[in-house]
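Undergrad: Let me begin by handing over the structure; questions about it come next.
The values are calculated or read from the model by the stated rules, or taken from the named source; none is laboratory data. This structure is a prediction, so every number in the text was calculated from the model and none was measured. Here Cβ is always computed from backbone atoms with ideal geometry, including for glycine, and neighbour counts include all displayed protein chains.
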Amino acid sequence: MKALLLEKTNHLSIRDIDIEESLGPDDVRIKIHTVGICGSDVHYYQHGRIGSFVVTEPMVLGHEASGTVIEVGKNVKSLKAGDRVCMEPGIPDLNSRATMLGMYNLDPAVRFWATPPVHGCLRETVVHPAMFTFKLPEKVGYDEGALVEPLAVGLHAANKAQIRPGDVALVTGCGTIGLVTAMAALAGGCSKVIISDIIQPKLDLASRLGMVPVNVTGQNLKDAVDDITDGWGADIIFEASGYEEAIADIFEPLCPGGRVIFIGMPVTPVPVDIVAAQAKEARIETIFRYAHVYPRALSLMESGAIDVKPLITDRYRFEDGIKAFEYAANPEPTTVKVAIEL
Ligand SMILES: [Zn+2]
């Protein structure tokens, strides 16, 4: 089948590839429709590695996908051919201790699309366990289906924050993950979500989506949050930038007793001011991907509480997939999510 492959660092190709895919009794076969390009795909493309995950052989990229079921295994009752679906890209060992404890995202044996040595989904078809495949509600399109994956990160962070109705949240970083986290926080009961970045067009989009933008090139973040919260600080801070500079003062705009959720992944270890956290008895949470949130993401899209459509800013055909990656590696400031349609 045709696939978009990372052959080696900075070298992509679209070509035929043999992938052995037999349909197990609990699997479905899916024709891929739309795939969102993620920061991690671009990072592998440019650097060939993320931390200890190193691309040593050609690997199909992509993990944010929607598609159509074309065949189901003999035990599958929840899905049928023709169903439009989206897929959770990480498949854990179902018998592992982490899975038994409900933390299947933390199973050390998890196999995640486009994380070496596992092929991603920028190819014609995939075989996937039915239990990690979710039917799209009638109102939810393929585009939104592909964005359930990043939205799941935001929802998992919102869950970890244990939002209380009326909380004021601050999200640092206005990329896809920052924006979906802000959407999850608003849908989850926050009265206000402040979002910071240095790229004005992204903040303009955030403003249109009902968030309160702060451009930190011209404005001090703590001062801006103090203005909005009468000097009290934000109840919750979602750190979604991964930048050392943002993390260095992350506790400054936090209210006493507030919560900080670390979502962004710095490429190297960065200092965290423990005393600043202690002085506020901050509760610190971290997240790694997500678990148990796909059905919630789809329900929120169906109800209209979350609309991710404005986040897809650029589209490419599969034949132009290499161009899509070249663009995503060097995007205009207005770009949030680049999507490839097969
Ligand atoms: Zn992603």
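Undergrad: Regarding segment 162-172, can at least one residue be identified that is crowded, with 17+ Cβ neighbours inside 10 Å and part of a helix (DSSP H, G or I)?
TA: No, segment 162-172 contains no residue that is crowded, with 17+ Cβ neighbours inside 10 Å and part of a helix (DSSP H, G or I).
Undergrad: Being within 13 Å of Asp197 (Cβ to Cβ) and crowded, with 20+ Cβ neighbours inside 10 Å is true for just one of Glu239, Glu245. Which residue is that?
TA: Result of the check over Glu239, Glu245: Glu239.
Undergrad: Against the condition closer than 30 Å to Ile261 by Cβ and surrounded by fewer than 18 Cβ atoms within 10 Å (Cβ to Cβ), how does Ala109 come out, does it pass?
TA: So Ala109 fits the description; yes.
Undergrad: Separate question: Determine, yes or no, whether Val55 is within 12 Å of the ligand (Cβ to nearest atom), surrounded by fewer than 23 Cβ atoms within 10 Å (Cβ to Cβ) and either of a type outside the set (Ser, Thr, Tyr) or under 22 Å from Phe288 (Cβ atoms) (or both).
TA: Criteria not met by Val55.
Undergrad: Can you name the condition, by its number, that Tyr290 falls short on among (1) buried (at least 17 other Cβ atoms within 10 Å of the Cβ); (2) under 28 Å from Met100 (Cβ atoms); (3) out of contact with any His (no Cβ under 7 Å at 6 or more places or on another chain)?
TA: (3)
Undergrad: Counting only residues that are assigned to a strand (DSSP E or B) and near the ligand (Cβ under 9 Å from one of its atoms), which one in segment 28-46 is farthest from Leu311 (Cα to Cα)?
TA: Among them, the one singled out is Ile37.
One line per residue, one yes/no per condition, for (1) touching a Ser or Thr at 6+ places or on another chain (Cβ under 8 Å); (2) of a type in the set (Gly, Ala, Ser):
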residue: His119; (1), (2): no, no
residue: Glu138; (1), (2): no, no
residue: Gly145; (1), (2): yes, yes
residue: Gly166; (1), (2): yes, yes
residue: Thr172; (1), (2): yes, no
residue: Thr176; (1), (2): no, no
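Undergrad: Next question, about the same structure. Here is a check on your reading of the model: is Val180 surrounded by 24 or more Cβ atoms within 10 Å (Cβ to Cβ), part of a helix (DSSP H, G or I) and at pLDDT 95 or above?
TA: Judged against the criteria, Val180 is a match.
Undergrad: Arg317 is checked against (1) closer than 24 Å to Lys202 by Cβ; (2) surrounded by fewer than 16 Cβ atoms within 10 Å (Cβ to Cβ) and fails just one. What number does that condition carry?
TA: (1)
Undergrad: Just one of (1) in contact with an Asp or Glu (Cβ under 9 Å, 6 or more places away or on another chain); (2) among the β-branched types (Val, Ile, Thr); (3) more than 30 Å from Leu94 (Cβ to Cβ) trips up Ile284, so point out which.
TA: Of the numbered conditions (1) in contact with an Asp or Glu (Cβ under 9 Å, 6 or more places away or on another chain); (2) among the β-branched types (Val, Ile, Thr); (3) more than 30 Å from Leu94 (Cβ to Cβ), the odd one out for Ile284 is (1).
Undergrad: Condition first: assigned to a loop (DSSP other than H, G, I, E, B) and out of contact with any helix residue (DSSP H, G or I) (no Cβ under 8 Å at 6 or more places or on another chain). Now tell me which residues in segment 196-215 satisfy that.
TA: Ile198, Ile199
Undergrad: So, in segment 81-125, exactly how many residues are aliphatic (A, V, I, L, M), in contact with a Gly (Cβ under 8 Å, 6 or more places away or on another chain) and within 16 Å of the ligand (Cβ to nearest atom)?
TA: Count: 4.
Undergrad: When segment 136-151 is examined, which residues are found to be more than 16 Å from the ligand (Cβ to nearest atom), under 16 Å from Val35 (Cα atoms) and not β-branched (Val, Ile, Thr)?
TA: Leu136, Gly141, Tyr142
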